[in-house]
Amino acid sequence: MTQSASASDSADQHLVEYDVERRVQLTFAVSPEQAKKLLPASWQVASMPPGPSEGANFMVAFRNRLLTVHYNADGEARVGEQDRGAILLVFAKNTENGEFAFRVVRSFSANAHAIPGPYKNAQFATVDMEQGMTAQETSDSSGFERWQIRDDAGGTLRLLLRYRAGAPLQSGGEMTIFGGPDPAFFRVYRTDKASDFVKSTPNKVDRIDEFQFDSTIAEFSNIFDGTQRVISIWTEPWYLRHVLLQNPRP
């Protein structure tokens, strides 16, 4: 399903992209001092608000992009690349205006056409992954995620997750995501997604049967140094989003 550009445009924004993905996402509590090194000077590390990820300040999103549609300035659509990879984000506060938001500090993509990406910080990586689910008749289902992402230097980001699936909760909304070398650059996401939290420390949820996560990527050696704590893990069996940019000022 795609949507015309005019259907999502507003007076101040215009549609540039539509994505269909399947995701698994993890949040962590990591050293604020080390996470601050990944941010521009005008941003500081913050903790996520009350909810299933309360207290986290870092997120890793493993994404399996099934469809991308790009829109040009005239609203004409072009089918883009499929892609697999990971996005690493810091939850932060803009000290100039008090705004809280995620900032993309790095992304890894298996498709060279996705480099350097909209935030200008995507790197090429080889990706080996599996996603699956098993069930018998009406019995409870079990899910499986296996990811290995290897950067050009040979560092890896790995996840193995086996879990008891629950009924996903559908939600929609709008969020602003910042990232890249320009501290002020952002994109607006209008999403329709389903979320199944298989682990939430604040909400005392744990439906995980097997879990392994590690990183040997040099850039994040001080983030994943063994002191990080997993706060939440959730799967998104569907993640649909319209991506908008601000219109240029006249």
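The values are calculated or read from the model by the stated rules, or taken from the named source; none is laboratory data. As the structure is a computational prediction, the values presented were derived from the model and not from experiment. Here the Cβ is made from the backbone with ideal geometry for all residues, glycine too, and neighbour counts use every protein chain on show.
Values computed for the structure shown
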item: Residues being under 27 Å from N247 (Cβ atoms) and surrounded by 15 or more Cβ atoms within 10 Å (Cβ to Cβ) - total across region 84-106; result: 10
item: Residue count, region 209-250 (criterion: farther than 27 Å from G172 by Cβ and either in a strand (DSSP E or B) or under 19 Å from the mean Cα position of the chain (by Cα) (or both)); result: 14
item: Test: A153 is on the phi < 0 side of the Ramachandran plot, at pLDDT 95 or above and out of contact with any strand residue (DSSP E or B) (no Cβ under 8 Å at 6 or more places or on another chain); result: yes
item: Elements of type strands (runs of 3 or more DSSP E) in region 133-190, at least 3 residues being under 22 Å from I233 (Cα atoms), touching a Phe, Trp or Tyr at 6+ places or on another chain (Cβ under 9 Å) and charged (D, E, K, R); result: none
item: Scan of region 34-65 for residues that are touching a residue at least 12 places away in the same chain (Cβ under 8 Å) and of a type in the set (D, E, K, R), ordered by number; result: K37, E54, R63, R65
item: R106 being under 20 Å from R22 (Cβ atoms) and not in a loop (DSSP other than H, G, I, E, B); result: no
item: Which numbered condition T68 misses (of (1) free of Cβ contacts under 8 Å to residues at least 60 places away in the same chain; (2) assigned to a loop (DSSP other than H, G, I, E, B); (3) farther than 18 Å from F100 by Cβ); result: (2)
item: So E130, is it in contact with a Lys or Arg (Cβ under 6 Å, 6 or more places away or on another chain), assigned to a strand (DSSP E or B) and charged (D, E, K, R); result: yes
item: Test: residue in region 7-20 that is buried (at least 21 other Cβ atoms within 10 Å of the Cβ) and part of a loop (DSSP other than H, G, I, E, B); result: no
item: Filter pass, G180 being out of contact with any strand residue (DSSP E or B) (no Cβ under 6 Å at 6 or more places or on another chain) and at pLDDT 95 or above; result: no
item: For P202: the one exception among (1) in contact with a Pro (Cβ under 7 Å, 6 or more places away or on another chain); (2) more than 17 Å from L26 (Cβ to Cβ); (3) surrounded by fewer than 16 Cβ atoms within 10 Å (Cβ to Cβ); result: (2)
item: Residue list for region 107-116, filter: closer than 25 Å to V45 by Cβ and surrounded by fewer than 19 Cβ atoms within 10 Å (Cβ to Cβ); result: P116
